[in-house]
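The values are calculated or read from the model by the stated rules, or taken from the named source; none is laboratory data. Since this is a predicted model, take the numbers as computed values, not measurements. Cβ coordinates were reconstructed from backbone atoms using ideal geometry, including for glycine residues, and neighbour counts include every protein chain displayed.
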Amino acid sequence: MKKRMFIIFMIITFIALLKYFTSNYRITYYIDNHKVVSTYQNKRYYISIDNKYSFDIYKKRSISKLKISQIKEIKSEDFMCLYPIIKNIKTIPLCSNKEENIDYNLIDSDLLNGYKTKLDNKSEGNFYFNNNLSKKEYIYLWNYKGFYKMNNDKLETLDMFNEGKYDNSLMYQVGNSIVFPDYNQEYYFKKIYLLNMISGKKSVIESKYDISYNSYFVGIINNRLYLFDQKELNLYEIDLNRINVKLVGSNELGYFKYVDNKKVEAKISEYKNKEIEYKEDIKSNYKYEIINNSIYKTYLDDNNKLKIFEGNNIKIIGEYKEILYFSSEDKLYKYTKEGISKLFNYFELKFNENKIIYIYNQ
């Protein structure tokens, strides 16, 4: 009996300790006359210093609570930076000038040069890949006949079509796949390709219907991709699990849409005017804004705003955890808290208004 009670006690103790050492937490403390608030939630540490400077770390929590051991000050007449030191964690200076919080890479000062990573701006010809991707990052760039596939330090050219196609508006990314029609077919198509971004291999979805290129993707619901043919006024459902195409909406069948994941009746005018769109719900810890030719990053934890980039013709391409992908002029960049790295330059980025960059993080 005693042995059984001891085993039960040890199990309860183990569960309690496991919960204590793996659960979310929030702590407040002072170091070097600065107030620090550290929060751990969903495999992410968010640290705020003096309610003004912020940074985060994506990392599973350890047994002990993560704490800053020292905060160094780096300052001049024009700026003030705090450099937090955490054992076994790479950190960066957190800076502000007289106007706003600003990324340390944007401050021209010898005091900060030792912390900066040199930006590789090397460019050669119409297209140049800078080899600044990890093994888990895949980027596909549409080049009119197919794609440039980029991963880690590898670059491949994937030719898909016999002739160059300048309008790729019928392309849609679903997870690690890019969906698009067989552009070799003229006026109408019956083949839809599903391109795996990891392997670079494509599979074919056969349709018994002639679908015009005057169509658009409405969006995806429950792994079913909806496409509306504006010429024929037909709504198609592309089942990505069963790999088939169904006619689900027409003048004879009527039309429907999804509202809060529920199917309700829809008017044909809503599809004609592109009023129905199912957008991917992207959960993010930040808000990114382009203001006066600059990108600002706001931490939603406490609305601290940080200027991270200055440039022309800026477009936000995508984000993953703490990574932001954006273009400026003819270059694609990747931003993390450690700084900015250039991924490639492509002359057509300046002019092509279609979506030609597709990014997947494994």
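Ile198 meets all of the listed conditions (1) surrounded by 15 or more Cβ atoms within 10 Å (Cβ to Cβ); (2) modelled with pLDDT of 95 or more but one, namely (1). Scanning the stretch 226-244 for residues that are surrounded by 20 or more Cβ atoms within 10 Å (Cβ to Cβ) and either under 13 Å from Leu194 (Cα atoms) or not aliphatic (A, V, I, L, M) (or both) gives Tyr226, Phe228, Asp229, Asn234, Tyr236, Ile238. Considering only residues in the stretch 261-310 that are among the small types (Gly, Ala, Ser) and modelled with pLDDT of 95 or more, the one that is surrounded by the fewest Cβ atoms within 10 Å (Cβ to Cβ) turns out to be Ser269. If you go through the stretch 194-224 and keep only what is aliphatic (A, V, I, L, M) and in a strand (DSSP E or B), you end up with Leu194, Leu195, Val204, Ile205, Ile211, Val218, Ile220, Ile221. Does Leu227 satisfy being assigned to a strand (DSSP E or B), within 21 Å of Tyr140 (Cα to Cα), at pLDDT 95 or above and assigned by TED's automatic domain parsing to the domain that holds Phe256? For Leu227, the condition - assigned to a strand (DSSP E or B), within 21 Å of Tyr140 (Cα to Cα), at pLDDT 95 or above and assigned by TED's automatic domain parsing to the domain that holds Phe256 - is not met.
Given the criteria acidic (Asp, Glu), at pLDDT 95 or above and within 23 Å of Ile268 (Cα to Cα), does Glu232 qualify? Considered against the rule, which asks whether it is acidic (Asp, Glu), at pLDDT 95 or above and within 23 Å of Ile268 (Cα to Cα), Glu232 comes out as yes.
Scanning the stretch 253-288 for residues that are more than 30 Å from Asp301 (Cβ to Cβ), part of a loop (DSSP other than H, G, I, E, B) and in contact (Cβ under 8 Å) with a residue 24 or more places away in the chain gives Lys274, Ile276.
Close contacts from the stretch 328-343, counting a first residue that is of a type in the set (Gly, Ala, Ser) and a second that is part of a strand (DSSP E or B), with Cβ to Cβ under 8 Å and a gap of 6+ residues or different chains, come to Ser328/Phe309; Ser328/Ile314; Ser328/Lys315; Ser341/Tyr333; Ser341/Lys334.
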